[in-house]
Amino acid sequence: MRFLLSLLFCFLISGFYVLAEVETPETLSEILQIRSENALLIIDVAKKYPDINFLKEENPDKIVIELLNSKYHDSFKFDDFVREQVLSMLSFVSDISVSDSANQKILVELNLKPGQKFLPKLASKKDNAVKILLLPADVVITLRAAELYNRAVKEQKAKNLERAEELYKEVISLDSSLFLARFNLAAIYLDTAKYDEAISILNGLVNDIEKQPGSEPDKKENLIFVHNGLGIIYYVKGDLENSTSEFQQILKLAPEFHEAFYHIGLVYEKKKDLKLARKNFQRAVDLDKKLADAYYHLGMIDVIEKHKKSAKSNFKKVLELAPETALASLCKQELEKL
């Protein structure tokens, strides 16, 4: 009996190992066919989808696509007829080759015609087909930059500033003409008190905007945006002269830009020049009757100069325009004192 139990035990163990050998190997993607439609390279597959890896080539005239965890299906055939069929739909490709290796990997190599710059982008994996879009290099770079930019904006909104900074830098390395990425990076440097880095970025933007081709209204709008950022950063840094200079640059471009007057008012207020501060705050509200912040500062100047009636009027204007804000709470406190 003991002998029979031993045999049974050995049988069960050996059976377990046989089963294990069947289950453990990973199922490979089987490549059925390679074809093309317009700018799409299509790889028909069976069992599962391969992992796709686009190799960076020193030779810009070549695209190399790795199909990982893959092997040829028994029916796969890539002869001259198939090659010509593929090339007929990819006018920018001069030749294509397919090869496999011992480590369950298949390489698809495309040689581009002279002067052509294209890059691959995974379009989809569905209906037992992998579709790879072959786009002009500048389009792929722009799409990638846009994708990273959107991720950076989300990280910045979530206050993950370190990660947002990394993403914006990657965006800029791909496409330095993406104006908002550079501006938002400067905003992060402002938030993290890296004032010199922020100023450097925005000064670079001013130079690039002035040089770039485009309509004058667009350039003017962008320059106003950047000069306003520079003025705020200089103000926070305590460099009041440069801050004033930046806001005055805005007024040269747009003499009716109310925010510039408001910020110049803040500069003069900080300098204790209440006469010029009042003049600029008043000009700001003359241009924008809903600028609650300017009314608040006018009210505070009135308090200092003991114009009680005018102060009440300005504080009440803030309560009317922005009733549920922290600014309104400050005005209520001032009105109680008056």
Got at least one residue in segment 321-332 being open to solvent by less than 20 Å² (accessible area, probe 1.4 Å) and either among the aromatic types (Phe, Trp, Tyr) or in contact with a strand residue (DSSP E or B) (Cβ under 6 Å, 6 or more places away or on another chain) (or both)?
no
Among the residues of segment 42-95, write down those that are surrounded by 15 or more Cβ atoms within 10 Å (Cβ to Cβ), among the basic types (Lys, Arg) and touching a residue at least 40 places away in the same chain (Cβ under 8 Å).
LYS71
Enumerate the pairs (first residue in segment 230-257 and closer than 14 Å to LEU202 by Cα and without any contact (Cβ under 8 Å) to a residue 24 or more places away in the chain; second residue anywhere and aliphatic (A, V, I, L, M) and open to solvent by 50 Å² or more (accessible area, probe 1.4 Å)) with beta-carbon separation below 9 Å, excluding pairs fewer than 6 apart on the same chain, so at least 6 apart or on different chains.
GLU246/ILE232
Under the condition of being touching a Cys at 6+ places or on another chain (Cβ under 9 Å) and without any contact (Cβ under 8 Å) to a residue 24 or more places away in the chain, which residue from segment 307-338 is nearest to PHE281 (Cα to Cα)?
ASN314
Limited to segment 98-134, what total is found for residues that are open to solvent by less than 50 Å² (accessible area, probe 1.4 Å) and touching a Phe, Trp or Tyr at 6+ places or on another chain (Cβ under 7 Å)?
6
Single match in LEU122, LEU112, LEU133, LEU67 (criterion: of a type in the set (A, V, I, L, M, F, W, C) and more than 19 Å from PRO50 (Cα to Cα)):
LEU112
Grab the strands (runs of 3 or more DSSP E) fully contained in segment 101-151, keeping just those with 1 or more residues being polar (S, T, N, Q) and either farther than 19 Å from LEU32 by Cα or modelled with pLDDT under 90 (or both).
105-112
Failed item in (1) assigned to a helix (DSSP H, G or I); (2) farther than 28 Å from ILE188 by Cβ; (3) among the charged types (D, E, K, R), with LYS290 passing the rest
(1)
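Every residue in segment 70-98 that is in a strand (DSSP E or B) and under 12 Å from ILE34 (Cα atoms), please.
TYR72, ILE96, SER97, VAL98
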Scan segment 156-185 residue by residue and report those that are more than 20 Å from GLN212 (Cα to Cα), open to solvent by 50 Å² or more (accessible area, probe 1.4 Å) and either in contact (Cβ under 8 Å) with a residue 40 or more places away in the chain or in a helix (DSSP H, G or I) (or both).
LYS157, GLU162, ARG163, GLU166, LYS169, GLU170
Checking ALA193 against (1) outside any loop (DSSP other than H, G, I, E, B); (2) under 30 Å from TYR235 (Cα atoms); (3) hydrophobic (A, V, I, L, M, F, W, C), the condition it does not meet:
(1)
Pairs where the first residue, in segment 96-109, is touching a residue at least 12 places away in the same chain (Cβ under 8 Å) and the second is of a type in the set (S, T, N, Q) and not in a strand (DSSP E or B), C-beta under 9 Å, 6+ apart
GLN104/ASN69; LYS105/ASN69
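The values are calculated or read from the model by the stated rules, or taken from the named source; none is laboratory data. Keep in mind that what you see is a predicted model, and the values were worked out from it rather than measured. Neighbour counts are summed over all protein chains in view; Cβ atoms, including those assigned to glycine, are modelled from backbone coordinates with ideal geometry. These area figures cover heavy atoms from the full protein model, side chains too; ligands, DNA and RNA do not enter into them. Shrake-Rupley method; radii C 1.70, N 1.55, O 1.52, S 1.80 Å.
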